[in-house]
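Have a look at the structure below, then the notes.
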Amino acid sequence: MSSRPLSDVAGWVPITIVDAFADGPFTGNPAAVVVLETEASTGWMQSVAMEMNQAETAFVRRITDDAWSLRWFTPLAEVDLCGHATLATAHALWESGVSDAATIAFDTRSGRLTAGRESDGMIVLDFPAIRSTGAEPPPSCRDVLGVEPEEVLMGAFDLLCVLPDADAVRTLAPDLAQIAEWPVRGVLVTAPGDRAGVDFVSRCFFPALGVPEDPVTGSAHCALAPWWAGQLKKADLIGVQLSRRGGRVGCRVVGDRVELRGRAVSTVRGTLTV
């Protein structure tokens, strides 16, 4: 356990913005990471997340020598599972020297999650697999998406829509206001990959949470990877999210768990003063 202080100034709270599932700065999905010395109120954390205006702001606090409490907030709401902000949090703890553990355990609303470091700097998350089952599409589905899905499924949080091909995913221009009215956390659209080394592509929309389109979504791959593993008859897959920033997620389906692999880079470091 490291004894390094979390802040050099009493009352100031360190905050870092980290690009997760990123090949370099300004790629992947940015998340704000706030390292807390003591427990904070839900209202304060939600206010900070709104102020940061990132897809997710993570709040992490040590609870034992080998485990941390971790919560995630969009600008509008707390969420039950977030991959990219977990990857960002592990990166921030290691980079700052707050933790020197080879594996960091996080206690979350989705149970115990872990992050480990590989020798090449890759971060590996151990997350729950989300199984999706066939669902009746919303009556307005084709009009809202602008394309007829080949298949519609429902997972623990999100509607999963399988589109005809990768180009349909790339060019999709959905009606986000209508998606925000659907009784789901968000909508994932996906299709087979059309480039060497890419098994599937996706885009992810969460307008009801204040995230119109998420750049790279770890929790979505907890649902995407098991579904594509069944379709492609393979456990190891590469998913690419075709957002403007873009990102690559290595996936391995292991029973009822999914390993998510990615890199991260810090772009901003500072302190919260309120």
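The values are calculated or read from the model by the stated rules, or taken from the named source; none is laboratory data. Keep in mind the model is a prediction, meaning the values are calculated, not measured. Because the Cβ atoms are built from the backbone with ideal geometry, glycine has one as well, and the counts that use them run over all protein chains shown. What goes into the accessible areas is simple: the full protein's heavy atoms, side chains included, and nothing from ligands, DNA or RNA. Shrake-Rupley method; radii C 1.70, N 1.55, O 1.52, S 1.80 Å.
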Inset, instruction - Would you point out which residue out of PRO212, PRO183 is farther than 27 Å from MET52 by Cβ and open to solvent by 30 Å² or more (accessible area, probe 1.4 Å)? - result: PRO183
Legend entry - Failed item in (1) within 17 Å of the chain's Cα centre (by Cα); (2) surrounded by fewer than 23 Cβ atoms within 10 Å (Cβ to Cβ), with ALA135 passing the rest: (1)
Inset, instruction - Would you tally the residues in segment 225-274 being open to solvent by 20 Å² or more (accessible area, probe 1.4 Å), in a strand (DSSP E or B), within 30 Å of ALA40 (Cβ to Cβ) and of a type outside the set (D, E, K, R)? - result: 8
Inset, instruction - Scan segment 140-156 for residues that are of a type outside the set (A, V, I, L, M), surrounded by fewer than 19 Cβ atoms within 10 Å (Cβ to Cβ) and closer than 19 Å to ILE130 by Cβ and jot them down. - result: GLU151
Inset, instruction - Would you be able to tell me the number of residues in segment 162-210 that are assigned to a helix (DSSP H, G or I) and over 19 Å from ALA229 (Cβ atoms)? - result: 10
Inset, instruction - Just one of (1) crowded, with 18+ Cβ neighbours inside 10 Å; (2) within 22 Å of PHE21 (Cα to Cα) trips up ALA168, so point out which. - result: (2)
Inset, instruction - Identify, from the list ASP199, ASP236, ASP214, the residue that is touching a residue at least 60 places away in the same chain (Cβ under 8 Å) and of a type outside the set (A, V, I, L, M, F, W, C). - result: ASP214
Inset, instruction - Just one of (1) part of a strand (DSSP E or B); (2) under 18 Å from ALA208 (Cβ atoms); (3) open to solvent by 10 Å² or more (accessible area, probe 1.4 Å) trips up TRP72, so point out which. - result: (3)
Legend entry - Of residues in segment 79-106 being under 16 Å from the mean Cα position of the chain (by Cα) and of a type outside the set (A, V, I, L, M, F, W, C), the one surrounded by the fewest Cβ atoms within 10 Å (Cβ to Cβ): ASP80
Inset, instruction - Looking at (1) more than 30 Å from CYS161 (Cβ to Cβ); (2) out of contact with any Asp or Glu (no Cβ under 7 Å at 6 or more places or on another chain); (3) in contact (Cβ under 8 Å) with a residue 12 or more places away in the chain, find the lone condition where LEU87 falls short. - result: (1)
Legend entry - Residue check, ILE123 in contact with a Lys or Arg (Cβ under 8 Å, 6 or more places away or on another chain), over 27 Å from LEU76 (Cα atoms) and among the β-branched types (Val, Ile, Thr): yes
Inset, instruction - Just give me the residues in segment 32-67 being touching a residue at least 12 places away in the same chain (Cβ under 8 Å), outside any strand (DSSP E or B) and open to solvent by 60 Å² or more (accessible area, probe 1.4 Å), in sequence order. - result: GLU37, THR38, GLU39, THR42, MET50, ASN53, ASP65, ASP66
